[in-house]
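Take a look at the structure set out below.
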Amino acid sequence: ARTSWLTRLRQGLSRTGQSIGGIFVGVKVDENLFDELETALIMADAGVEATQKLLASLRTRVRKERLEDAGQVRAALRDILADHLAPLEKKFPLGQTKPMVVMIAGVNGAGKTTSIGKLANHFQAQGTSVLLAAGDTFRAAAREQLIEWGKRNHVNVIAQEGGDPAAVAFDAVNAGRAREAGVVMVDTAGRLPTQLHLMEELKKIRRVISKADSAAPHEVLLVVDGNTGQNAIAQIRAFDAAINLTGLVVTKLDGTAKGGTLAAVAAGSQGVRPVPVYWIGVGEGLNDLQPFVAKEFAAALVG
Ligand code: GDP
């Protein structure tokens, strides 16, 4: 199963004709190679900062080690990229607190509901009981979807018809404590009726969760679509400014050539804080959520 998702990730990351690994095949190590690499990294949404930094390191390495073979340069880029991405790698601290309260945000369509399902499944498989809070009270369909999913997977869901999302979150944290749940995951809205401001609503939910448990939320995750490149950077910045993110779930990396986005995050591109990436989504199935491992990711991107 592990090789299959890596293959899918690799295929996704090289979907355009401009696969980074493909550039090294049958070429000499010259200025033209660096030009092509620069284009490919920019096309993969690595952003200017990361692209310059990676290429500068690569040039130094090529010079110092007198690399003359394109295959060696490719291996060097793989290492350099893995080192560059390493600060984003962080193990999710499951089980450090009980209940661990996890607030989950993300714009509609990013894969939030799917990721919550995958996480609930994963946590329960690890022997950690899960309680879900249907915090998107603005979309009846979102609540119904979560309740339905909970029934099928034997996960308890706290919901309130048309209620205040912050109140639902508050109740869920208290219920989680009373029921001795391992993890309480609080879903939030990805879009609101126009007159309300999403970020203000999220801040309020965060504040009210702290009233139920002063150490909570222990984790504040943003689910972001890995396909969206520069837009993903803008989303991370906006959500981080509002609710202080502790981690990312980057979805849809099986269907994208835009894996460079994570290099941009690691480089602090456009003032983004390098928020750790706990998981990556590599498919629609329940098991298609994998911990982010910098080395694996670099190997998938560079080939
Ligand atoms: P939400 O609006 O943020 O809750 O988004 P959903 O969870 O409903 O997901 C939107 C669409 O993206 C659905 O069709 C999901 O199956 C799909 N999706 C979510 N995560 C992934 C992923 O990692 N890979 C792929 N290929 N599709 C995904």
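The numbers here are math on the coordinates, done by the rules we state, and not lab data. This structure is a prediction, so every number in the text was calculated from the model and none was measured. Don't worry about glycine lacking a Cβ; one is built from the backbone with ideal geometry, like all the others, and counts go over all protein chains shown.
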Can you give me the Cα centroid spacing of segment 164-206 and segment 42-118 in angstrom? 30
Quick one: if you stick a label point 7 Å off each Cα along the C-beta vector at Q124 and K91, how many nm between them? 2.5
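Decide, for segment 70-142, between rounded, prolate and oblate: order the square roots of the alpha carbon gyration tensor eigenvalues as a ≥ b ≥ c, take rounded if a/c falls under 1.5, and otherwise choose prolate if a/b is larger than b/c, else oblate. Please report the intermediate quantities before stating the final value.
Values: a/c = 3.18, a/b = 1.87, b/c = 1.70.
Judged from the Cα gyration tensor, segment 70-142 comes out prolate (a/c at least 1.5, a/b above b/c).
Taking 0.36 nm per residue of sequence separation and subtracting the Cα-Cα distance, how much length would be gained by fully extending the chain between Q160 and E284, in nm to one decimal?
Working: separation 124, 0.36 × 124 = 44.64 nm, distance 2.77 nm.
Result: 41.9 nm gained on full extension.
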Antiparallel as a % of all DSSP beta bridges within the chain, to the nearest 5? 15
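Using 0.36 nm times the number of residues separating V25 and R63, minus their current alpha carbon distance, what extension gain do you get?
On the way: separation 38, 0.36 × 38 = 13.68 nm, distance 2.01 nm.
Roughly 11.7 nm would be gained on extension.
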A correct Karplus calculation of ³J(HN,Hα) over segment 278-288, with 6.51 cos²θ - 1.76 cosθ + 1.60, θ = phi - 60°, whole Hz and x for Gly and Pro, returns 6, 9, 10, x, 10, x, 8, x, 4, 9, 8
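As an exercise, identify the trypsin sites (Lys or Arg not before Pro) in segment 35-73 lying in DSSP coil whose Cβ has no more than 15 other Cβ atoms within 10 Å.
Values: sites: K53, R59, R61, R63, K64, R66; in loops: R66.
Filter output for segment 35-73: R66.
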GluC sites (Glu not before Pro) lying in DSSP loop within segment 55-144, provided at most 16 other Cβ fall within 10 Å: E65, E68
Could you tell me which of the pairs K28/K258; K28/K295; K151/K258; K53/K204 are separated by over 29 angstrom between their Cα atoms in the structure shown? K151/K258; K53/K204
Suppose each label sits 7 Å from its Cα in the direction of the beta carbon; what would the H197-Q270 distance come out to in nanometres? 2.1
Per-pair calculated FRET efficiency, R0 = 35 Å: D79 and A215 via Cβ, rounded to 0.05: 0.35
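Using only Cα atoms, what Kirkwood radius does the chain have, in angstroms? Could the numbers behind the result be given before it?
Values: mean 1/r = 0.0498 Å⁻¹.
About 20.1 Å for the chain.
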Nearest-ten-degree value, helix 165-178 long axis tilted from longest Cα axis of the chain: 80
Using just the Cα positions, wrap segment 89-216 in a convex hull and report its mean projected area in square nanometres, one decimal place. 7.7
C-alpha long axis of helix 140-152 to longest principal axis of the chain, angle in °: 90
Dipole magnitude of the chain about its Cα centre, charges +1 at Lys/Arg Cβ and -1 at Asp/Glu Cβ only, in debye to the nearest 20? 440
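How long is the gain from Q230 to V48 if the chain were fully straight, where each residue apart is worth 0.36 nm and the alpha carbon distance is subtracted?
Working: separation 182, 0.36 × 182 = 65.52 nm, distance 1.10 nm.
So the chain would gain 64.4 nm between Q230 and V48.
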Crossing angle, helix 230-243 versus the chain [Cα axis fit, 0-90 degrees, rounded to tens]: 40
Mean Cβ neighbour count within 10 Å, used as a protection proxy, ranking 156-168, 273-285 highest first: 273-285, 156-168
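Might you report the magnitude of the Cβ-based charge dipole of segment 182-300 about its Cα centre, with Lys and Arg at +1 and Asp and Glu at -1, to the nearest 20 debye? Provide the component values of the computation, followed by the final result.
Values: 11 positive and 11 negative charges, 86 e Å.
Taking the Cα centre of segment 182-300 as origin, the dipole is about 420 debye.
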If every Lys and Arg gets +1 and every Asp and Glu gets -1 at its Cβ, then about the Cα centre segment 70-127 yields a dipole, in debye to the nearest 20, of 180
Interchain or long-range residues, amide H under 5 Å from V223's placed H: A105, G106, V249
Could you calculate the FRET efficiency of R152 with E180 from 1/(1 + (r/R0)^6), where r is the beta carbon distance between them and R0 is 22 Å, rounded to 0.05? 0.45
Projected onto the charge dipole of the chain (+1 at Lys/Arg Cβ, -1 at Asp/Glu Cβ, origin at the Cα centre), which of L301, F138, A159 gives the Cα projection farthest towards the positive end? A159
Can you list residues from other chains, or at least 5 along the same chain, whose modelled amide H is less than 5 Å from the amide H of V101? V184, H218, E219
